[in-house]
Each structure stands twice: as structure tokens, then as C-alpha cells.
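What follows is one structure encoded as C-alpha cells, with my remarks underneath.
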Amino acid sequence: MKRKLRMGMVGGGRGAFIGSVHRIAAGLDGTIELVCGAFSSDPERSRASGADLLLPENRVYGDYREMFEREAALPADEKMDFVAIVTPNDQHYRPSKLALEAGFPVMCDKPLCLDMEQAKDLEATVETTGLLFGLTHNYTGYPMVKEARQRVRAGELGKIRRVVAEYPQGWLATRLESTGQKQATWRADPKRSGATCCVGDIGTHAANLTEYVTGLPIEEISAELSTFVDGRLLDDDASVLLRLGEGARGVLWASQIAIDEENGLNLRVYGEKGSLEWHQEEPNTLLLKWPDRPRELVRTGGNYARLSPEALGATRLPAGHPEGYLEGFANLYRSFAAALVDGGEPDCPTVHDGVRGMAFIEATVSSSNENAKWTKIRA
């Protein structure tokens, strides 16, 4: 294909956070351009947002239904090639389903939707249409996360015994949602966020990272969800014991009330032969630990030939230049775009990962409601 892929967007208008991240990331390689959008549930805000982005008025829509209908009617050399869904959780399912039914592949922000019924229906729709569906668990796009995965796959750590995943934040240590702060307000609202706040927002990242790096499914969990801030309707802290495939065990802790923590997503994997450690706030470094020799610091860098092809393929900069959050998103978009053009499976999370994430959410809620009863993940 000798042109840029044309992307539409649902959500991500004025006052949104994640929409601009998606736009920057999608455009980072110069192969994708934003051509249209329904940027808000408020038609006037959508039009104003489209004007901010210098889009032509006739490609800025009052709602996503109008967008899909009108885009589908355009000539093949004009209409969008795929759509990015960058809305709050309650607006993932319907736009994604309608987009697929209108013939458009989808890149959706996580979590997949609000409940397992919606998740399974989306999974079935993807299978029926045969269209690509990507889910932006963006941390899987980090070079050192891919390096960690390849080290595990290569057997360097031996059989995995123990996994420790944690994701502490502190931004919801007070009842921020009562001030009208947009990002806090929808996350703390069960109608918009779903059954959880903390687990759905960041706990799913830790669970996805655990499965991605180890290659082991989380099979059963024992969870305690807590709400520490008075008046809050959903959880703001979670402690989860994990039973993974092949007898591995794990601990997952996620919190949004850990004061002065920023985005402390961390992963430790312990095997029979060695262990590894990765910290999102220091994303260029992977720590390898051995029983019979000093620790190794493996660093990101395009000039490091000793890295796996997967890590090198996700590396964009020379050694010593930090890359992470935006580049992680961009790596998912690049792989998704390549699959749209050339066929094959993209190296990014799919609707099936989204179903597993939703199953994890529902299991943690069920377990916590039954005094941390061991509960199977039913994806």
C-alpha cells in the first residue's frame, strides 16, 4: 500500500486524556493519519474538537452511529480504514460492535467493555466478521517487556515458580471525583467504569503483563478489594493471590491510594534457574538475577545486537535515550497497521486478551464478595 492508513476516532475530544495519546502514537511512524471522528457524545463538542484537529467539517460527526454509516458509504479511496475507540469503559462495547458490523477493524482502549456478556459478544463478532481487533494494553509494546518475554520463552529462567506484579498509584488517595475532575469522575462511577475502579483501570494491566511475559494463564485467584476513601462507590485498592498454569504462583497488588506513587507498574518473575525484574518507571532496564553469577543489567538500545529480535523490533532510539509510554502505544499501532496491510496476526493484544481481562475483573469481584474465596478465571 502506497498511502497512509486512514484512522477514525470515537471519543478523545476536548478535555480527554487518552485520545491525544492514541493520536500521537498512531502518527509516530508516519503511516497512519486521522481523517475523521466522533469525538464526544456532545455533537457541538465533537465539532469543536474536530476543528481543533484541523479536520474538514464534513468528516467530523455528531455521534459514532452517524460516523460509521457515512464513512461506510464513502468511496474506498476516501473512507477510513479502521477506527480507534478511546472512550470511557461504558462506551467501548457498542461503538466497537457497530464498527465491526459496518466493516471497520477496531483498535480499542482497555478494558474491553463492562461485563463478560458484552466481552463474549464482541469476541463472537470479531470471529464472525474476520476483522482485526486490537486492545491497547500498551505496556506489551515496551522493548524490555518483549525482551523479558523472550528470555522466559527461551527457558533461561527455567520453570516459572513465582510472579509478583504490582501497580501502585496515588492520585485517588482523596475523593477527587467529588471535585468534578473528569478522569476521576467516570472511573469512580459504576455506570461508566463497570464493577471496579482500581482493578479495571490498572489491575488488568498487571494481570495482562503477567500472562504476556510468563506465557502462563492466570487460572484461579483469591482477591480482596478495598475502598479506603469514604464515600467512594468502587474499589481503590486490590490484593490478589494468583494460581497460574504449570503450578506457578503469584501475587498481584494494585492501588490508587498509595500516596506519592505515580505509575509504579513492576513485574518480578522467579524461575528454577534465575529471575528477572522490570519497572515501568525505569523502562529501559531489565534486571536478570542468577544463583551463580552477578546480576545483569540489560538495556534498551537500537545498537545493542545482543537483544532479541522482538525487543530490537520494538526499539526506536539509540541506547541511552528513554522511550516508553508513547512508543509502547506506537508499537501496537505499527503492528496493527502492518497486519491490516500485509495480513497475518498483529503483535498486540486482541479481543481474546480483552475477554481474559474481563474474566479477571469479574473473578476478583466475585472472590472479594465471598471473603477472598478461590475463584476460577472463566474466559
Legend entry - Column: log10 I(q)/I(0), Debye, Cα scatterers of the stretch 5-131, q = 0.14 Å⁻¹: -0.55
Inset, instruction - For the chain, set up a Gaussian network in which alpha carbons nearer than 10 Å are linked by springs, and say which option among Gly134, Gly62, Gly203 fluctuates the most. - result: Gly62
Inset, instruction - Among DSSP beta bridges whose residues both lie in the stretch 138-268, state the antiparallel percentage, nearest 5. - result: 70 percent
Legend entry - Shape of the stretch 149-270, Cα gyration tensor, a/c cut at 1.5: prolate
Legend entry - Under Karplus coefficients 6.51, -1.76 and 1.60, residue-wise ³J(HN,Hα) of the stretch 7-21 in Hz, glycine/proline x: 10, x, 9, 10, x, x, x, 3, x, 7, 9, 6, x, 5, 4
Legend entry - Entries in Lys159/Lys289; Lys2/Lys97; Lys110/Lys289 that, when Cα-Cα distance is taken, lie over 25 Å: Lys2/Lys97; Lys110/Lys289
Inset, instruction - List every residue whose amide H lies under 5 Å from the amide H of Thr227, counting only residues 5 or more places away in sequence or on a different chain, with H placed 1.01 Å from N in the peptide plane. - result: Asp236
Inset, instruction - Among the GluC sites (Glu not before Pro) in the stretch 266-352, which ones are in a DSSP loop with at most 16 other Cβ atoms within 10 Å of the Cβ? Mind listing them? - result: Glu272, Glu281
Legend entry - Most fluctuating residue given options Gly194, Gly247, Gly13, as computed from a GNM of the chain linking Cα atoms under 10 Å: Gly247
Inset, instruction - Could you work out how far helix 43-52 tilts from the main Cα principal axis of the chain, as a 0 to 90 degree angle to the nearest 10? - result: 80 degrees
Inset, instruction - Could you line up Val163, Val341, Val60 from fewest to most neighbouring Cβ atoms inside 10 Å? - result: Val341, Val60, Val163
Legend entry - Cα centre as origin, Lys/Arg/Asp/Glu Cβ charges: the stretch 5-131 dipole, Debye: 240 debye
Inset, instruction - Write down the percent of antiparallel bridges among all DSSP beta bridges whose residues are both part of the chain, to the nearest 5. - result: 60 percent
Inset, instruction - Convert each backbone phi in the stretch 76-85 into a coupling constant with the Karplus relation 6.51 cos²θ - 1.76 cosθ + 1.60 (shift: θ = phi - 60°), then list the ³J(HN,Hα) values in order as whole Hz, x for Gly and Pro. - result: 4, 8, 10, 5, 5, 8, 7, 10, 9, 9
Legend entry - Cα centroid of the stretch 110-140 to Cα centroid of the stretch 266-310, whole Å: 31 Å
Legend entry - Dipole axis of the chain (+1 Lys, Arg; -1 Asp, Glu on Cβ), positive-most option in Leu288, Gly324, Leu112: Leu288
Inset, instruction - Would you grab the residues whose amide H sits under 5 Å from the one on Phe82? Only those 5+ places off in sequence or on another chain, please, with H modelled 1.01 Å from N. - result: Arg6, Gly8
Inset, instruction - For the stretch 5-131, give the share of DSSP beta bridges that are antiparallel, in percent and rounded to the nearest 5; count only bridges with both residues there. - result: 0 percent
Inset, instruction - For the chain, give the magnitude of the charge dipole about the Cα centre (Cβ charges: +1 Lys/Arg, -1 Asp/Glu; no others), in debye to the nearest 20. - result: 720 debye
Legend entry - Separation between Cα centres of the stretch 46-109 and the stretch 193-209, rounded to whole Å: 26 Å
Legend entry - Tail weight of P(r) past 12 Å, computed on alpha-carbon pairs of the stretch 188-236, percent: 67 percent
Legend entry - For Arg14, residues with placed amide H under 5 Å, excluding near neighbours: Ser49
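Here, each number is a calculation from the coordinates, and none is a lab measurement. Computed from a predicted model, the values in this text were never measured in an experiment. Note that each Cβ is placed from the backbone with ideal geometry, even for glycine, and that neighbours are counted across all protein chains shown.
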